[in-house]
Amino acid sequence: METASLVMPRRSVHSAVPETALPISNARIAILIVVGTETMLFAGLIGTFLVFRLAAASWPPADLPRLPIAVTALNTVALLASIIPMTRALRAVRRVDPRGLVRNITQTALLGTFFLAVQGLEWARLVRHGLTLASGTYGATFYVLIGCHGLHVAIAVIWLVVTAMLARRGRFTARRHVGLEMCAIYWYFVCALWTVLFPLVYLL
């Protein structure tokens, strides 16, 4: 019997474990944690507002100015309208439309800036008419709750501006645009939050 016939054929062994794609990226997990944390923050603020609101005999007090419902309603329309260009920006990057991406991100940032500007002007008018943080629980809860949301909108607008600059430089592609998606999720969050705060604070 030949020696060669006793040699068993060698099988190639692959020690490396094949990589599997994560069901959700770390960036998406991070933004979901941020949104969840912010939701709990505003849940606490809203709960505090409701405690004072339901315990008050009159709301607002007779000696304090009323909130500008009509102007704020129109401002709400502007903020919610910004969801449209934000969604178009996501569609633009997926169909490789860099001009459409930059245009829609810029429009979203402008609408957010407009919302903040109108809100700031209304706050200045309210302060001139005597509504301040020192105006009891009515003034304190109003400025803390609405001011906290305004701060988040300002952060989101800055994020939009940075995202628009990156888009101009071609940083986003159809396959790589996680940063844009994270910005969009956060913007959707601040818009959705306002749909709760506006009727709660201005109409209740």
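The values are calculated or read from the model by the stated rules, or taken from the named source; none is laboratory data. The structure displayed is predicted, hence computed values, not measured ones. Heads up, the Cβs are rebuilt from the backbone with ideal geometry, glycines too, and the neighbour counts pull from every protein chain shown.
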| said: Name the residue that is surrounded by the most Cβ atoms within 10 Å (Cβ to Cβ), counting only residues in the range 104-150 that are within 14 Å of the chain's Cα centre (by Cα) and within 26 Å of Leu54 (Cα to Cα). | reply: His149
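Of these, Thr108, Thr195, which one is within 24 Å of Ala70 (Cα to Cα), touching a Pro at 6+ places or on another chain (Cβ under 8 Å), modelled with pLDDT of 95 or more and β-branched (Val, Ile, Thr)? Before the answer, list the steps.
Details: Thr195 fails: touching a Pro at 6+ places or on another chain (Cβ under 8 Å).
Being within 24 Å of Ala70 (Cα to Cα), touching a Pro at 6+ places or on another chain (Cβ under 8 Å), modelled with pLDDT of 95 or more and β-branched (Val, Ile, Thr) holds for just one of Thr108, Thr195, which is Thr108.
How about the range 29-52: which of its residues are of a type in the set (A, V, I, L, M, F, W, C) and surrounded by 13 or more Cβ atoms within 10 Å (Cβ to Cβ)? Let's see the steps before the verdict.
Applying the first criterion (of a type in the set (A, V, I, L, M, F, W, C)) to the range 29-52 yields 29-35, 40-43, 45-46, 49-52.
Those that are of a type in the set (A, V, I, L, M, F, W, C) and surrounded by 13 or more Cβ atoms within 10 Å (Cβ to Cβ): Ile31, Leu32, Val34, Val35, Phe42, Leu45, Ile46, Phe49, Leu50, Phe52.
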| said: With the requirement that a residue be part of a helix (DSSP H, G or I), surrounded by 14 or more Cβ atoms within 10 Å (Cβ to Cβ) and of a type in the set (A, V, I, L, M, F, W, C), what does the range 53-79 give you? | reply: Val71, Ala78, Leu79
| query | Could you say whether any residue in the range 172-179 is polar (S, T, N, Q), loosely packed, with under 13 Cβ neighbours inside 10 Å and either farther than 15 Å from Ser82 by Cα or modelled with pLDDT of 95 or more (or both)? | reply | yes
| said: Quick check on the range 80-103: of everything there that is of a type in the set (Lys, Arg) and in a helix (DSSP H, G or I), which residue is nearest to the chain's Cα centre (by Cα)? | reply: Arg88
| Restricting attention to the range 156-171, which residues are among the hydrophobic types (A, V, I, L, M, F, W, C) and surrounded by 19 or more Cβ atoms within 10 Å (Cβ to Cβ)? | Ala156, Val157, Leu160, Ala164, Ala167
| field | Residue list for the range 156-182, filter: part of a helix (DSSP H, G or I) and without any contact (Cβ under 8 Å) to a residue 40 or more places away in the chain | value | Ile158, Trp159, Val162, Met165, Leu166
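Between Leu197, Leu204, which is farther than 30 Å from Arg95 by Cβ, surrounded by fewer than 16 Cβ atoms within 10 Å (Cβ to Cβ) and not hydroxyl-bearing (Ser, Thr, Tyr)?
None of the other options fit; the residue is Leu204.
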| field | Identity of the residue in the range 94-103, among the aliphatic types (A, V, I, L, M) and at pLDDT 95 or above, that ends up surrounded by the most Cβ atoms within 10 Å (Cβ to Cβ) | value | Leu101
